[in-house]
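Trainee: Handing you a structure now.
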Amino acid sequence: MDADSDVALDILITNVVCVFRTRCHLNLRKIALEGANVIYKRDVGKVLMKLRKPRITATIWSSGKIICTGATSEEEAKFGARRLARSLQKLGFQVIFTDFKVVNVLAVCNMPFEIRLPEFTKNNRPHA
């Protein structure tokens, strides 16, 4: 490919993962019994809570750390995390929304050429 023939790539963000803290201890059993759209994984010690709008899934630990996955933008991730914190407040917890940060972004695109993975990794060993 020439350097002059620039091709516009359509990059589509498919998943944004964010974390935040509530600064309070969370009773997972109470969340499982009184919360909506929850799955209690007692053997692992976490609760999964799903929101419909924005469509995110949150993993909640009793320490107050929460990981949200499934958003398609940073704004949507923050909005969903704040909605989740508000729903925990409505369950009676003293939630303070702190330490929000985006930890991973997954995007996909179609390249205008073929990538041969074995050769690519061999030629770019320190990076790939």
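Trainee: Condition (residue is open to solvent by less than 80 Å² (accessible area, probe 1.4 Å), of a type outside the set (S, T, Y) and in contact (Cβ under 8 Å) with a residue 60 or more places away in the chain) applied to region 67-78: is it met by at least one residue? Step through it out loud before you land on a result.
Mentor: Let us first name the residues in region 67-78 that are open to solvent by less than 80 Å² (accessible area, probe 1.4 Å), namely 67-73, 76-77.
Checking the rest, the ones that are also of a type outside the set (S, T, Y) come to 67-68, 70-71, 76-77.
Checking which are in contact (Cβ under 8 Å) with a residue 60 or more places away in the chain leaves us with 76-77.
Yes: region 67-78 contains one or more residues that are open to solvent by less than 80 Å² (accessible area, probe 1.4 Å), of a type outside the set (S, T, Y) and in contact (Cβ under 8 Å) with a residue 60 or more places away in the chain.
Trainee: With (1) open to solvent by less than 20 Å² (accessible area, probe 1.4 Å); (2) in contact with a His (Cβ under 8 Å, 6 or more places away or on another chain) as the list, and S62 as the residue in question, which single condition is left unmet?
Mentor: (1)
Trainee: Does at least one position in region 17-26 carry a residue that is out of contact with any Pro (no Cβ under 7 Å at 6 or more places or on another chain), of a type outside the set (D, E, K, R) and free of Cβ contacts under 8 Å to residues at least 60 places away in the same chain? Reasoning before the result, please.
Mentor: Of region 17-26, the ones out of contact with any Pro (no Cβ under 7 Å at 6 or more places or on another chain) are 17-26.
Cutting the leftovers down to of a type outside the set (D, E, K, R) gives us 17-20, 22, 24-26.
With free of Cβ contacts under 8 Å to residues at least 60 places away in the same chain added as a condition, the list becomes 25.
The answer is yes; a qualifying residue exists.
Trainee: What are the residues in region 37-63 that are out of contact with any strand residue (DSSP E or B) (no Cβ under 8 Å at 6 or more places or on another chain) and among the hydrophobic types (A, V, I, L, M, F, W, C), if any?
Mentor: Matches in region 37-63: V44 only.
Trainee: Please go through region 3-43 and pick out each residue that is surrounded by fewer than 11 Cβ atoms within 10 Å (Cβ to Cβ) and touching a Gly at 6+ places or on another chain (Cβ under 6 Å).
Mentor: Correct list: empty.
Trainee: Among the residues of region 44-59, what is the count of those that are on the phi < 0 side of the Ramachandran plot and open to solvent by 20 Å² or more (accessible area, probe 1.4 Å)? Walk me through it before giving the result.
Mentor: Initial filter on region 44-59 (on the phi < 0 side of the Ramachandran plot): 44, 46-59.
If we keep only those that are open to solvent by 20 Å² or more (accessible area, probe 1.4 Å) too, we end up with 44, 46, 48, 50-53, 55, 57, 59.
The number of residues fulfilling the criteria is 10.
Trainee: With respect to V102, is the statement that it is in contact (Cβ under 8 Å) with a residue 60 or more places away in the chain and surrounded by 13 or more Cβ atoms within 10 Å (Cβ to Cβ) true? Before the answer, list the steps.
Mentor: Values: in contact (Cβ under 8 Å) with a residue 60 or more places away in the chain: yes; surrounded by 13 or more Cβ atoms within 10 Å (Cβ to Cβ): yes.
When the stated conditions are applied, V102 passes them.
The values are calculated or read from the model by the stated rules, or taken from the named source; none is laboratory data. Everything numeric here is computed off the predicted structure, so don't read it as measured data. Quick reminder, even Gly has a Cβ in these numbers, built from the backbone with ideal geometry, and neighbours come from all protein chains shown. Remember, those area values only see protein heavy atoms, side chains included, never the ligands or the DNA or RNA. Shrake-Rupley method; radii C 1.70, N 1.55, O 1.52, S 1.80 Å.
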